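Peer 1: This structure is in structure tokens; I'll ask about it shortly.
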4 protein chains.
Amino acid sequence: MLDQVHSFPVQVYYEDTDFTGVVYHANYLKYFERAREHLLGVEALVKLYEEQGVGFVVYKAELRFKEGMRFGDRLEVRTRVTVPSEYRAVFDQSIWRDGQGPKVEGRVELCCVNREGRLVPLPDLRKPRHEGSVG
Amino acid sequence: MLDQVHSFPVQVYYEDTDFTGVVYHANYLKYFERAREHLLGVEALVKLYEEQGVGFVVYKAELRFKEGMRFGDRLEVRTRVTVPSEYRAVFDQSIWRDGQGPKVEGRVELCCVNREGRLVPLPDLRKPRHEGSVG
Amino acid sequence: MLDQVHSFPVQVYYEDTDFTGVVYHANYLKYFERAREHLLGVEALVKLYEEQGVGFVVYKAELRFKEGMRFGDRLEVRTRVTVPSEYRAVFDQSIWRDGQGPKVEGRVELCCVNREGRLVPLPDLRKPRHEGSVG
Amino acid sequence: MLDQVHSFPVQVYYEDTDFTGVVYHANYLKYFERAREHLLGVEALVKLYEEQGVGFVVYKAELRFKEGMRFGDRLEVRTRVTVPSEYRAVFDQSIWRDGQGPKVEGRVELCCVNREGRLVPLPDLRKPRHEGSVG
């Protein structure tokens, strides 16, 4: 998983835009998160939370906005993940349209916490993975 | 509480609008809910949920949109609540601007459920109440 | 288009839920709208707005909530549209999970307005249509 | 305006949280923007956009999340603005609760663009200002 660029499609709906005609800036963080959930596996995330009480938490995010996306745009979220330690996952993510970009770039850093809010090691992201399993 | 009209102010921000220039239709449900939370008492709702595991749940909503509100508008949410049975609270809510309205009208019906999702009687809404206490 | 049930998939993400563990009630209106946009054709809606300044506007919505959907759920939005007059389109929409439902039911009524906010006739929804064209 | 810390209150509602029990990370960007709008003056922003077609645009944002805020929390957004050039405004913003914090810290950088999306100088933020006027 770590050597690949993960690609995830996003459609811009009414709900995503604001009165200036472009996507409201905070919503790109939503797009990035949807992509991360699919990269990690939605079912695996559900299982991790329900069985172990462990969830991913964003502790840092950086965003650069280069061009505003518009209603009806079909976007691609490109994500590359690196794991600098057993406690931190760093996602470099960007927004592309018609193969052109990046229109928005971001780095989002996550850790895992348990039910008590304590830091725990990440599940193993380096093994081959299918939708529905982490590690 | 039951014989009064409760008034709650809402400001329209960037986040609330869409590219057509007006407030995105689903967001009026958010405005209505903020008003209901203040009418019921935010602290009381927190306490009810944390101590008894009981929360209010919307089971029915009806909305009529007459005029779109815009960025920068200072709105008033007017709410009147009736309690037709010990299990149901009916909130008649509307959006006003500069004392003129209703611009949007709604009826939202709620019940209370416990941690297992079972229906439980409402807390007593008929007694005098201060912010921070239900019943 | 008018005799068919349109089916649209929706995934429940973090962003859709609230602290009670289920999808925040207003967000089902977002799911319904995404489905309507695909039924009508996203590109056609963009073209209609950019070339003629005409857009669809919700003037009435009714919702019944039967069961709360959860993080990770893969939902289906089922939509049937009727056109009682040349000015009104009525969408009967519902949420299904694993082929079971409806979990949420709604009726959303729309009209079309031009740049001045005047009511205009709907584009013809009765002709065969492909994604990218209305009528 | 430039030498002061601007304080803005935010209440955490159902709509702001996700199923893990805390505020969804992207929503702090909404809180920060509401505070910036009040600091700059909502009416002035409306006037600037309607009369000159000029609006503020976020081109960079950095966020650090230290503790998750919860339903019912009454927060304070503290904002300090600096203007390193006539084209850039830098907002250092943070979230406080019960006078304790920062729970979330951010730096959000904005510029102004006109209707054609061209960069234009900022309105003068250094003069005394009242709600309802920029510069």
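Peer 1: Go through region A:54-75 and report how many residues are surrounded by 20 or more Cβ atoms within 10 Å (Cβ to Cβ) and of a type in the set (D, E, K, R).
Peer 2: 1
Peer 1: Still on this structure, please answer the following. Taking the conditions exactly as written (within 10 Å of chain D (Cβ to nearest Cβ) and surrounded by 21 or more Cβ atoms within 10 Å (Cβ to Cβ)), does A:Ala26 satisfy them or not?
Peer 2: Working: within 10 Å of chain D (Cβ to nearest Cβ): yes; surrounded by 21 or more Cβ atoms within 10 Å (Cβ to Cβ): yes.
The answer is yes for A:Ala26.
Peer 1: I would also like to ask the following. Of the residues D:Glu33, D:Glu50, only one is touching a helix residue (DSSP H, G or I) at 6+ places or on another chain (Cβ under 8 Å) and either within 14 Å of chain A (Cβ to nearest Cβ) or not β-branched (Val, Ile, Thr) (or both); which? It would help to see each step written out before you state the result.
Peer 2: Values: D:Glu50 fails: touching a helix residue (DSSP H, G or I) at 6+ places or on another chain (Cβ under 8 Å).
D:Glu33 is the lone residue from the list that is touching a helix residue (DSSP H, G or I) at 6+ places or on another chain (Cβ under 8 Å) and either within 14 Å of chain A (Cβ to nearest Cβ) or not β-branched (Val, Ile, Thr) (or both).
Peer 1: Is it true that D:Val57 is out of contact with any Phe, Trp or Tyr (no Cβ under 6 Å at 6 or more places or on another chain), within 19 Å of B:Phe71 (Cβ to Cβ), away from chain B (no Cβ under 14 Å) and modelled with pLDDT of 95 or more?
Peer 2: Working: out of contact with any Phe, Trp or Tyr (no Cβ under 6 Å at 6 or more places or on another chain): yes; within 19 Å of B:Phe71 (Cβ to Cβ): yes; away from chain B (no Cβ under 14 Å): no; modelled with pLDDT of 95 or more: yes.
So D:Val57 fails the test.
Peer 1: Hey, among the residues in region A:1-33 that are closer than 16 Å to A:Val81 by Cα and either of a type in the set (D, E, K, R) or assigned to a strand (DSSP E or B) (or both), which one's farthest from the chain's Cα centre (by Cα)?
Peer 2: Per the stated criteria, the residue is A:Asp3.
Peer 1: Of the numbered conditions (1) part of a strand (DSSP E or B); (2) more than 24 Å from C:Arg34 (Cβ to Cβ), A:Thr79 fails exactly one; give the number of that condition.
Peer 2: (2)
Peer 1: Might you check whether a residue that is within 9 Å of another protein chain (Cβ to nearest Cβ), among the hydrophobic types (A, V, I, L, M, F, W, C) and within 22 Å of C:Tyr59 (Cβ to Cβ) occurs anywhere in region B:64-87?
Peer 2: There is at least one residue in region B:64-87 that is within 9 Å of another protein chain (Cβ to nearest Cβ), among the hydrophobic types (A, V, I, L, M, F, W, C) and within 22 Å of C:Tyr59 (Cβ to Cβ).
Peer 1: Moving on to the next point. Looking at (1) within 14 Å of chain D (Cβ to nearest Cβ); (2) surrounded by fewer than 20 Cβ atoms within 10 Å (Cβ to Cβ), find the lone condition where A:His6 falls short.
Peer 2: The failed condition is (1).
Peer 1: Report every pair of residues separated by at least 6 positions or lying on different chains whose Cβ atoms are under 7 Å apart, first residue within region A:64-77 and at positive phi, second among the acidic types (Asp, Glu).
Peer 2: As it stands, the answer is A:Gly72/C:Glu43, since those pairs meet every condition given.
Peer 1: Any chance you could count how many residues in region D:54-75 are part of a strand (DSSP E or B) and touching a helix residue (DSSP H, G or I) at 6+ places or on another chain (Cβ under 9 Å)? It would help to see each step written out before you state the result.
Peer 2: As a first pass, look at region D:54-75 and keep what is part of a strand (DSSP E or B): D:55-65, D:70, D:74-75.
Filter again for touching a helix residue (DSSP H, G or I) at 6+ places or on another chain (Cβ under 9 Å), leaving D:55-56, D:58, D:61, D:63, D:65, D:70, D:74-75.
Counting residues in region D:54-75 that are part of a strand (DSSP E or B) and touching a helix residue (DSSP H, G or I) at 6+ places or on another chain (Cβ under 9 Å) gives 9.
Peer 1: I've got another one for you. Taking B:Glu131 as meeting all but one of (1) closer than 17 Å to B:Lys47 by Cα; (2) modelled with pLDDT under 95; (3) in a strand (DSSP E or B), write down the number of the exception.
Peer 2: (3)
Peer 1: Scan region B:100-125 for residues that are at pLDDT below 95, loosely packed, with under 12 Cβ neighbours inside 10 Å and more than 19 Å from B:Gln52 (Cβ to Cβ) and report the count.
Peer 2: Summing the residues that are at pLDDT below 95, loosely packed, with under 12 Cβ neighbours inside 10 Å and more than 19 Å from B:Gln52 (Cβ to Cβ) in region B:100-125 gives 0.
Peer 1: Sort out which residues of region A:88-122 are in contact with a Ser or Thr (Cβ under 8 Å, 6 or more places away or on another chain) and either among the hydrophobic types (A, V, I, L, M, F, W, C) or not in a strand (DSSP E or B) (or both), and write them in order of number.
Peer 2: Correct list: A:Ala89, A:Val90, A:Phe91, A:Val104.
The values are calculated or read from the model by the stated rules, or taken from the named source; none is laboratory data. Everything numeric in this text was worked out from a predicted model, so none of it was measured. For neighbour counting, all protein chains shown are included, and Cβ atoms are generated from backbone atoms with ideal geometry for every residue, glycine included.
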